[in-house]
Amino acid sequence: MNEDNVKKAYSSSKNVYDDILTQTKWWSKLYIRFFWNGINDNEIADKVLKMIPSDFAGKLLDVPVGTGIFTLGKYMTLPNVEITCIDYSGDMLLQAQKRFSDSKLRNVTCMQGDVGNLKFSNETFDIVLSMNGFHAFPDKEKAFSETARVIKKGGIFCGCFYIKGQCKRTDFIVNSLLAKKGWFTPPFQSLEELRSKLSAIYTQAEVVNQKSIAYFKCVK
């Protein structure tokens with residue numbers, strides 16, 4: 001699965017992406033209940049965003065920003081943070097830009113980019129946030145390497161994404177449908193594989209899961 005296929009997949013889902021994640025429609029609730037065993041994305045997003053201190057003042061990288069559906073509320077409470085949002089999908093990025101612009105957020109910059117080739121110097125950011133992205137990234141090794149590279153020593157890496165091995169039904173749907181459509185890109189990690197990976201990169205790594213979604217907070 002190449003990056004163009006990923007871009008096409010997210011372009012085709014741009015009009016339903018928010019509804020699926022936030023479970024605001026009856027069909028999205030059924031989709032989450034059946035395919036994802038009832039995972040509550042809103043609850044997980046809240047846990048991840050609470051990893052960002054309320055009094056934080058520094059530089060934050062959000063990759064991938066998606067449509068900004070989960071982060072808008074948090075970013076409105078962080079006026080002293082320099083926020084950079086990146087997404088490979090231009091369609092997602094346009095939605096995020098409009099969402100932030102409509103809310104008059106002036107400390108947020110959106111740009112198209114590749115997580116595997118971040119155009120920033122080493123140790124640029126105090127926090128890197130990555131929600132619902134790593135399961136879609138074609139080159140996960142580069143993604144792990146690049147996100148770690150741009151974090152300052154003592155900085156935080158936090159986020160969430162799909163892990164395999166927690167629900168057979170979810171794993172089947174991911175491999176037989178979502179991966180083939182380009183929304184997800186193998187190989188996928190198990191919970192223990194993710195813990196091992198993050199522990200090898202960071203001085204501290206706390207990884208928790210809610211069924212097939214892992215959420216984490218790491219310190220470099």
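Quick one: grab the alpha carbon gyration tensor of the stretch 70-220, order the square roots of its eigenvalues as a ≥ b ≥ c, and give me rounded if a/c is under 1.5, else prolate or oblate depending on whether a/b is larger than b/c. Here the stretch 70-220 falls in the oblate category. Per-residue Karplus couplings for the stretch 149-165, computed as 6.51 cos²θ - 1.76 cosθ + 1.60 with θ equal to phi - 60°, are listed in order as 4, 8, 8, 5, 4, x, x, 10, 10, 9, x, 7, 6, 5, 10, 8, x Hz, Gly and Pro entered as x. Peptides 64-73, 108-117 ordered by packing proxy, namely the average of other Cβ atoms within 10 Å per residue, highest first: 64-73, 108-117.
Using the Cα gyration tensor of the stretch 73-124, with a ≥ b ≥ c the square roots of its eigenvalues, what is the shape: rounded (a/c below 1.5), prolate (a/b larger than b/c) or oblate (neither)? Because a/c hits 1.5 or more and a/b fails to exceed b/c, the stretch 73-124 counts as oblate. Sorted on the mean count of surrounding Cβ atoms within 10 Å across their residues, most packed first, peptides 154-161, 189-196 read 154-161, 189-196. Each peptide in 124-134, 138-148 was scored by the mean count of other Cβ atoms within 10 Å over its residues; highest first, the order is 124-134, 138-148.
With a cut-off of 9 Å between beta carbons, the residues surrounding Q210 carry a summed charge of +1, where Lys and Arg count +1 and Asp and Glu -1.
Near the amide H of V128, within less than 5 Å, lie the amide hydrogens of L61, I156, F157, C158, all on another chain or at least 5 residues away, with H placed in the peptide plane. Net charge of the neighbourhood of N122, taken over other residues with C-beta under 14 Å away and scored Lys/Arg +1, Asp/Glu -1, is +3.
No value in this document is a laboratory result; all are computed from the given coordinates. Remember, it's a predicted structure, so these values are computed and weren't measured experimentally. Quick reminder, even Gly has a Cβ in these numbers, built from the backbone with ideal geometry, and neighbours come from all protein chains shown.
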